[in-house]
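Have a look at the structure below, then the notes.
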Amino acid sequence: MKSGLLSAAFLVLAGWAALDPGRMAWVYLAAAIAFELWLARRVAAAGAAAVTAGEPPYGFSEEEARLVGRYRFYFTYPAVARDASAVLAALGLSALLLAPWLTYKLAFAQAALIGANLFAVARFTRRVAPLMALRVAANRGEREALRMLELHDPAWEKIRAGNKMAP
């Protein structure tokens, strides 16, 4: 996936939706939903099974296994997760600007649906780019999030080392 091109495409669609709220807002919304459905299928395909601690080739500790299992998609497909987070950022930014503009233009249904789509964007962002959500939670004083941030880099080191050893 070319995240830069797809991000730019969503920003262009948002611009067209601002100029033609009647038709292009629906096109923008359909494209956003299509991307989110694709991403939901990819996240579901990564699985939600628990990661077993201590198993070769990674040898995760119990806490590291819990972290990797919680953010399975992020650790399994890091390049796709990075690209998807860039597209989600473009979707979120454009929706934040587009929803009030469409309300001003009296396109209430489109504005409400695009605004409601921000909840899906936020949920996907937490799944594909967990570091930001963990940092925010850690700054609020959540100890579990702080511990997960501490475990993030060692878990990646074990993944990289284990992948080098794999045939």
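The values are calculated or read from the model by the stated rules, or taken from the named source; none is laboratory data. Keep in mind that what you see is a predicted model, and the values were worked out from it rather than measured. Using ideal geometry, Cβ is built from the backbone for each residue, glycine included, and neighbour counts are taken over all protein chains shown. SASA here: full protein model, heavy atoms, side chains in, ligands and nucleic acids out. Shrake-Rupley method; radii C 1.70, N 1.55, O 1.52, S 1.80 Å.
Of the residues that sit in the stretch 1-15 and are surrounded by fewer than 17 Cβ atoms within 10 Å (Cβ to Cβ) and under 21 Å from the mean Cα position of the chain (by Cα), which one is modelled with the lowest pLDDT? Step through it out loud before you land on a result.
Within the stretch 1-15, the subset surrounded by fewer than 17 Cβ atoms within 10 Å (Cβ to Cβ) is 1-2, 4-5, 8-9, 11-12, 15.
Keeping just the survivors that are under 21 Å from the mean Cα position of the chain (by Cα) gives 1-2, 4-5, 8-9, 11-12.
On the way: M1: 55, K2: 72, G4: 85, L5: 93, A8: 95, A9: 95, L11: 95, V12: 96.
Going through the qualifying residues, I end up with M1.
Restricting to the stretch 118-167, what's the tally of residues that are within 17 Å of the chain's Cα centre (by Cα) and among the basic types (K, R)?
4
Condition (residue is of a type outside the set (D, E), farther than 22 Å from R23 by Cβ and in contact with a Pro (Cβ under 8 Å, 6 or more places away or on another chain)) applied to the stretch 73-93: is it met by at least one residue?
Looking through the stretch 73-93, at least one residue is of a type outside the set (D, E), farther than 22 Å from R23 by Cβ and in contact with a Pro (Cβ under 8 Å, 6 or more places away or on another chain).
Would you pick out the residues in the stretch 133-167 that are of a type outside the set (G, A, S) and open to solvent by less than 50 Å² (accessible area, probe 1.4 Å)?
Looking only at the stretch 133-167, we keep the residues that are of a type outside the set (G, A, S), and these are 134-136, 139-140, 142-144, 146-154, 156-160, 163-165, 167.
Of everything in the stretch 133-167, those that are of a type outside the set (G, A, S) and open to solvent by less than 50 Å² (accessible area, probe 1.4 Å) turn out to be L134, M148, L149, L151, H152, P154, W156, I159.
Which one of A49, A45, A18, A53 is modelled with pLDDT under 95, surrounded by 15 or more Cβ atoms within 10 Å (Cβ to Cβ) and on the phi < 0 side of the Ramachandran plot?
On the way: A49 fails: surrounded by 15 or more Cβ atoms within 10 Å (Cβ to Cβ); A45 fails: surrounded by 15 or more Cβ atoms within 10 Å (Cβ to Cβ); A18 fails: modelled with pLDDT under 95.
Only one candidate passes the filter, namely A53.
Hey, can you tell me all the residues within the stretch 59-68 that are open to solvent by 30 Å² or more (accessible area, probe 1.4 Å) and not in a loop (DSSP other than H, G, I, E, B)?
E62, E63, R66
So which pairs qualify, if the first residue must be in the stretch 1-27 and more than 16 Å from V87 (Cβ to Cβ), the second must be of a type outside the set (A, V, I, L, M) and not in a helix (DSSP H, G or I), the Cβ gap must be under 6 Å, and the two must be at least 6 apart or on different chains?
Here the result reads P21/K105, each pair linking the stretch 1-27 to a residue that is of a type outside the set (A, V, I, L, M) and not in a helix (DSSP H, G or I).
Per-residue answers, yes or no, for (1) crowded, with 18+ Cβ neighbours inside 10 Å; (2) among the aromatic types (F, W, Y); (3) under 18 Å from S3 (Cα atoms):
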{"position": "G22", "(1), (2), (3)": "no, no, no"}
{"position": "V27", "(1), (2), (3)": "no, no, no"}
{"position": "L37", "(1), (2), (3)": "no, no, yes"}
{"position": "R41", "(1), (2), (3)": "no, no, yes"}
{"position": "P57", "(1), (2), (3)": "no, no, no"}
{"position": "R70", "(1), (2), (3)": "no, no, no"}
{"position": "F75", "(1), (2), (3)": "yes, yes, no"}
{"position": "V80", "(1), (2), (3)": "yes, no, yes"}
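For the stretch 41-60: of the residues being without any contact (Cβ under 8 Å) to a residue 24 or more places away in the chain and out of contact with any Gly (no Cβ under 6 Å at 6 or more places or on another chain), which is farthest from A155 (Cα to Cα)?
Here is the first cut: in the stretch 41-60, the ones without any contact (Cβ under 8 Å) to a residue 24 or more places away in the chain are 41, 44-45, 49-55.
Now narrow it down to the ones that are out of contact with any Gly (no Cβ under 6 Å at 6 or more places or on another chain): 41, 44-45, 49, 52-55.
On the way: R41: 25, A44: 22, A45: 21, A49: 17, T52: 13, A53: 12, G54: 12, E55: 13 Å.
Result: R41.
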